[in-house]
1. For the chain, what does the relative contact order come out to in percent, with C-alpha contacts under 8 Å and a separation of six or more?
2. Which far-off residues, 5 or more places away or on another chain, put their amide H under 5 Å from the one on T35, with H placed in the peptide plane?
3. Scaled to the compact-protein estimate 2.2 N^0.38 Å, what is the alpha-carbon radius of gyration of the range 1-50, rounded to two decimal places?
4. What are the trypsin sites (Lys or Arg not before Pro) within the range 1-101 that DSSP puts in a loop, where the Cβ has at most 11 other Cβ atoms within 10 Å?
5. Contour minus end-to-end for K42 and T78, with contour as 0.36 nm per residue of separation and end-to-end as the Cα-Cα distance?
6. How about the range 14-109: which chymotrypsin sites (Phe, Trp or Tyr not before Pro) there lie in a loop by DSSP and see at most 10 other Cβ atoms within 10 Å?
7. Most mobile of S55, S88, S96 per a Gaussian network model of the chain (Cα springs, under 10 Å)?
8. Run the dipole for the range 3-90 about the Cα centre, Lys and Arg Cβ at +1, Asp and Glu Cβ at -1, nothing else charged, and hand back the magnitude in debye, nearest 20.
Amino acid sequence: MLEPILGSVNAERVLMFILFRTEGYAREIARYYGTDLDPIQKQLEKFEVGGVLVSKPVGKTIVYQFNPRYAFLDELQTLLKAAFGFYSKEDQDRLSNARRRPRRKGKPL
């Protein structure tokens, strides 16, 4: 949906993932969308160079999140949330309701 503005579908995917998960790493994003790793890595690097995202190492993994000092962060997040409203119900549920921790052993569903 934002592909014409952002330049590629992977740029939109990266920003949406980071918006709803607060942080993420390249392989996690690529697996989530079922796409190749290389274009996701390039988008993350591009956004980091542009100041939109910042990264931090967690072991051997580089984790990205929005740069709180980015001048247009509020406007960007507002635009992404508005675009999210036009996603299908399945895509909205999948993006906003993902578990990040494993369930305790023996806990009922």
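1. 24
2. Long-range HN contacts for T35: none found.
3. 1.01
4. Passing sites in the range 1-101 are K60, R69, R99, R100.
5. 10.6 nm
6. Here the chymotrypsin sites (Phe, Trp or Tyr not before Pro) that fit, given the DSSP loop and packing criteria, are F86.
7. It is S88.
8. So the magnitude is around 240 debye.
Bear in mind that the values in this text are calculations on the coordinates, not laboratory data. This one's a predicted model, so the numbers in the text were calculated from it and none came from an experiment. Here the Cβ is made from the backbone with ideal geometry for all residues, glycine too, and neighbour counts use every protein chain on show.
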